[in-house]
1. Looking at region 157-199 only, could you name the residues that are at pLDDT 90 or above and open to solvent by 50 Å² or more (accessible area, probe 1.4 Å)?
2. Looking at (1) over 30 Å from P308 (Cβ atoms); (2) within 44 Å of the chain's Cα centre (by Cα); (3) open to solvent by less than 30 Å² (accessible area, probe 1.4 Å), find the lone condition where G99 falls short.
3. Based on this model, can you work out whether A413 counts as over 30 Å from the mean Cα position of the chain (by Cα) and of a type outside the set (D, E)?
4. Kindly provide the set of residues from region 95-117 that are part of a strand (DSSP E or B) and free of Cβ contacts under 8 Å to residues at least 40 places away in the same chain, ordered by number.
5. Can you tell me which residues in region 360-377 are open to solvent by 20 Å² or more (accessible area, probe 1.4 Å) and modelled with pLDDT of 85 or more?
6. Looking only at region 118-151, which residues are under 26 Å from L7 (Cβ atoms), in a strand (DSSP E or B) and either open to solvent by less than 80 Å² (accessible area, probe 1.4 Å) or of a type in the set (S, T, N, Q) (or both)?
7. May I ask you to list the residues in region 317-337 that are under 15 Å from D280 (Cα atoms) and touching a residue at least 24 places away in the same chain (Cβ under 8 Å)?
8. Of the residues R216, R198, R207, only one is farther than 30 Å from F347 by Cβ and either touching a residue at least 24 places away in the same chain (Cβ under 8 Å) or assigned to a loop (DSSP other than H, G, I, E, B) (or both); which?
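The values are calculated or read from the model by the stated rules, or taken from the named source; none is laboratory data. None of the values given here were measured: they were computed from a predicted structure. Cβ coordinates were reconstructed from backbone atoms using ideal geometry, including for glycine residues, and neighbour counts include every protein chain displayed. Please note that ligands, DNA and RNA were not included when accessible areas were found on the heavy atoms of the full protein model with its side chains. Shrake-Rupley method; radii C 1.70, N 1.55, O 1.52, S 1.80 Å.
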Amino acid sequence: MFVTGRLALLVALGVVPVVVLSVAGVSPWAATGVWVLLAVAAMGADAAAAADPRRVSVERRVPSRVLRDEPLATELLLTNAGDRRLRGRVRDAWQPTAGASAARPTVDLPPGERRSVPIALRPRRRGELGTDGVAVRSNGPLGLAGRQAWIDAPGHVRVLPPFTSRRHLPSRLARLRELDGNTSVQVRGQGTEFDSLREYVRGDDVRAIDWRATARAGTTMLRTWRPERDRHIVIVIDTGRTAAARVGDGVRLDAAMESALLLAALAVRAGDHVHLLLFDRAVRGRVTRLDGPALLPAMVDAMAPVEPQLIDTDWDAAFAQVRRLTGRPSLVVLLTAHDEPLAARGFLASLSGLTDRTRVLVATATDADASDPTFHDASDVYTAAAVERARRDAGRVAGAVRRAGGEALVADAEALPPLVADRYLALKAAGRL
């Protein structure tokens with residue numbers, strides 16, 4: 001049972017009869033006691049007259065997936081199996097990060113009928129979000145009190161990474177079309193494969209003339225080449241403790257996922273094969289042997305439940321997993337942190353064993369440099385010193401990565417995804433995959 005503000009107002013209104021009866025000679029304590037008893041009796045009668053909320057059955061309609069920060073429309077179907085009309089409110093007990101409104105929808109449910117109650121969500125956190133049930137309150141006819149019940153109605157929704165970096169995809173696809181497909185090259189080189197034959201035009205490189213095709217066609221024919229396809233791209237996302245560091249408005253793991261999604265979308269359009277591994281000391285997610293339209297949905301589905309683990313990553317085991325994914329990877333992209341020499345010692349020790357057989361790109365997301373060149377107090381000086389120290393440490397680790405045979409990229413969370421995509425296009429254009 002619950003009570004409403006009307007009961008408190010009713011008790012307060014008892015001041016008037018108590019004062020009147022006191023003037024008439026009646027004891028104020030006796031008058032107050034009688035009034036309180038009358039209010040309690042009215043409250044009990046009102047609660048007893050309310051419809052039984054336990055006779056309400058709940059069905060739930062919830063989409064299985066939604067992108068983070070996107071609105072989601074869910075629906076509750078309430079059916080009154082009792083013999084009284086239920087007037088009251090409902091509260092759907094979604095966890096706070098689901099972004100449900102604080103308002104309690106009202107419901108008017110005649111006996112034997114069903115009503116739909118819309119519940120709007122806007123998830124603020126990636127992963128599995130859920131609710132265990134619904135609280136239903138049934139008001140009494142007088143509005144003084146009512147009855148409340150908890151009804152089990154579990155619901156779940158998987159919140160996927162938002163892939164905000166997809167806004168960079170059209171411009172990178174335009175560059176890819178210039179590199180592969182629409183614009184073929186005349187000179188063969190490393191990382192290219194035969195594309196097609198066409199007629200010779202004045203100014204073309206004579207070294208590309210195909211003399212056999214010329215003899216068959218009766219006119220001078222030219223060979224054209226395009227960047228090689230069917231390369232293997234292995235993306236490794238570090239889910240260890242460094243992935244939990246705050247970067248921009250999120251954590252480093254979210255920035256790594258955005259970079260992986262943009263690179264994968266671009267590589268699939270380029271005809272390459274993409275493998276994804278999320279790892280710390282165990283495999284947290286894996287996507288392999290998928291191409292075409294099925295790749296990105298599988299990747300976001302694998303990323304959705306993964307959270308940073310407060311443990312150090314075992315890089316020897318991670319690189320062993322990379323070797324199992326594909327026998328001859330053309331490019332391995334490691335999305336991790338390389339901004340602190342002591343923390344990166346184990347990573348650098350294992351990296352040289354991977355760079356001996358493949359090309360490695362190490363990318364990390366950092367906070368944007370927002371330091372103010374003017375110093376107002378001592379805290380500004382310490383902040384600037386800390387920023388400079390972090391920049392110097394990151395430079396030392398990046399130099400060690402290059403000496404180990406890899407390439408290092410460092411940028412803030414917004415700039416890292418297009419930077420990784422641009423480097424992939426540059427490697428492809430240079431025939432180095």
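1. Result: R158, T164, R166, R167, P170, S171.
2. (1)
3. Criteria not met by A413.
4. T106, V107, D108, R114, R115
5. Answer for region 360-377, where residues must be open to solvent by 20 Å² or more (accessible area, probe 1.4 Å) and modelled with pLDDT of 85 or more: just T366.
6. V134, A135, V136, S138, N139, A145, G146, R147, Q148, A149, I151
7. Of everything in region 317-337, those that are under 15 Å from D280 (Cα atoms) and touching a residue at least 24 places away in the same chain (Cβ under 8 Å) turn out to be A317, A318, F319, Q321, V322, L334, L335, T336, A337.
8. Within the list R216, R198, R207, the selection yields R198.
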